[in-house]
């Protein structure tokens, strides 16, 4: 139980069926809220299931890109640029052959420019 007046910082990660970029990596992907939907999501009056589900859809594949990165991305607390550096010589066919564990590397996804 939290005493009155104590602020508890927490978060929830909501996932969805994967889009094109994620489907060969995992069976789900995080929901990425688009900035234009922030206000609607935080509206305390949001209570219609259809409105909620509309906001919890996969990020559009044409607005996101990804590239393989090295093991540094898997170190907790790592904030160096090394975690975002593209991994040279990665064979994308590795992912096209079905589910393969990615503990050898990681993938960085970012909003496409």
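Read-outs throughout are calculated quantities, based only on the coordinates presented, and are distinct from any laboratory measurement. None of these values were measured; they are calculated from a predicted model. Please note: Cβ atoms are built from the backbone with ideal geometry, for glycine as well, and neighbour counts cover all protein chains shown.
Provide 7, 20 in ascending order of the number of other Cβ atoms located within 10 Å of each residue's Cβ, fewest first.
Exposure proxy ranking, most exposed first: 7, 20.
For residue 79 paired with residue 10, estimate the spin-label separation in nm (one decimal), with each label point 7 Å from Cα along the Cα-to-Cβ line.
Label at residue 79, label at residue 10, 2.5 nm between them.
In percent, what relative contact order does region 1-92 have, based on Cα pairs under 8 Å that are 6 or more apart in sequence? If you can, show how the numbers build up before the last one.
Values: 75 pairs, mean separation 20.0, N = 92.
Over region 1-92, the number comes to 22 percent.
Among 11, 22, rank each residue by its count of other Cβ atoms within 10 Å, from fewest to most, as a rough exposure measure. Please list the in-between numbers first.
On the way: 11 5, 22 22.
With the fewest neighbours first, 11, 22 line up as 11, 22.
For residue 47 and residue 62 in the same chain, what is the full-extension length gain: residue separation times 0.36 nm, less their Cα-Cα distance, in nm? Don't skip to the end; give the middle numbers.
Working: separation 15, 0.36 × 15 = 5.40 nm, distance 2.93 nm.
Difference between extended and current length: 2.5 nm.
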